[in-house]
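These notes are about the structure you will find just below.
The values are calculated or read from the model by the stated rules, or taken from the named source; none is laboratory data. Everything numeric in this text was worked out from a predicted model, so none of it was measured. Glycine also receives a Cβ, built like all others from the backbone with ideal geometry; neighbour counts cover every protein chain displayed.
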Amino acid sequence: MPPERVISRLLLVEDDPSLGSALRRALEAAGHAVDWATRGEDGIALIEAEAYGVVLLDLGLPDVDGLEVIRAIRSLRHTARIIIITAQDRTSQRIRGLDAGADDYLVKPVDVDELAARVRAQLRRADRRATDLLTVRDIAIDLAGQTVALNGEPVAITAKEYKVLALLMRRAGQFITKSQIEAALYDNERLIESNTVEVAVSSLRRKLGREAIVTARGLGYMVAR
């Protein structure tokens, strides 16, 4: 079985360096930690070792057919949502990708705003929610606009604070471990700063109220309903 899914971390499998870099920047700007592989075999290895909410997959990879990558993901019983990103726009190719286990299909050239919207849509379906506007008690977060409000008034927060709050709000009523939060903050190329989560939670409590986030030793953090 794969590791427990990190609900906002993404895996991009794309061999074009310019496109891959642009997509990664856009998705990070949308609030996601993004791991990037340029070969299908490397993508499969990451999926075996890590856990992702969404996999963004080019079919025209230099070493392995993208359809084989999809089959490998599904053979692992991995619950990640898969969005195909490819220059192949034939209907038959789309059908093959969807039948292999993909959840969505996007043809190049890619509009980054549309891609971010499709990622949000897949995460909504994974969460079984109908909207990107989440409200718990007097706190509201808009996952599309990346804004936070308290009692209807906007609250200024940092990018890391937003990522932490978004993760906790998406799983309101459930404890999220420190390691899961760290995995949502950092991709596999960045060193994890030991106190990042504690600092972010402390700052969020100052801005939203101490009762906004509950801590339990051995369980982690939670936004209580």
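Applying the set (1) surrounded by fewer than 17 Cβ atoms within 10 Å (Cβ to Cβ); (2) under 20 Å from the mean Cα position of the chain (by Cα); (3) assigned to a helix (DSSP H, G or I) to residue 129 leaves exactly one unmet item: (3). Kindly establish whether residue 87 is closer than 30 Å to residue 142 by Cα and surrounded by fewer than 22 Cβ atoms within 10 Å (Cβ to Cβ). So residue 87 fails the test.
For residue 167, the conditions (1) under 11 Å from residue 204 (Cα atoms); (2) under 18 Å from the mean Cα position of the chain (by Cα) are fulfilled apart from (1). Only a single item in (1) at pLDDT below 90; (2) under 21 Å from the mean Cα position of the chain (by Cα); (3) surrounded by fewer than 15 Cβ atoms within 10 Å (Cβ to Cβ) is not met by residue 78, and it is number (3).
Taking the options 46, 61, 57, name whichever one is more than 21 Å from residue 126 (Cβ to Cβ), assigned by TED's automatic domain parsing to the domain that holds residue 107, at pLDDT 90 or above and not acidic (Asp, Glu).
61
Among the residues that make up the stretch 32-45, is at least one of them aromatic (Phe, Trp, Tyr) and either within 18 Å of residue 104 (Cα to Cα) or touching a His at 6+ places or on another chain (Cβ under 6 Å) (or both)? Looking through the stretch 32-45, none of the residues is aromatic (Phe, Trp, Tyr) and either within 18 Å of residue 104 (Cα to Cα) or touching a His at 6+ places or on another chain (Cβ under 6 Å) (or both). Annotation: residue 149 fulfils all but one of (1) assigned to a loop (DSSP other than H, G, I, E, B); (2) more than 19 Å from residue 33 (Cβ to Cβ); (3) without any contact (Cβ under 8 Å) to a residue 40 or more places away in the chain; the unmet one is (1). Per the conditions (1) surrounded by 17 or more Cβ atoms within 10 Å (Cβ to Cβ); (2) touching a strand residue (DSSP E or B) at 6+ places or on another chain (Cβ under 7 Å); (3) of a type outside the set (Ser, Thr, Tyr), the sole criterion not satisfied by residue 149 is (1).
Among the numbered conditions (1) surrounded by 14 or more Cβ atoms within 10 Å (Cβ to Cβ); (2) modelled with pLDDT under 90, tell me where residue 179 comes up short. If we test residue 179 against (1) surrounded by 14 or more Cβ atoms within 10 Å (Cβ to Cβ); (2) modelled with pLDDT under 90, just (1) comes out false.
Among the conditions (1) assigned to a helix (DSSP H, G or I); (2) touching a residue at least 40 places away in the same chain (Cβ under 8 Å), the only one that residue 68 does not satisfy is (2).
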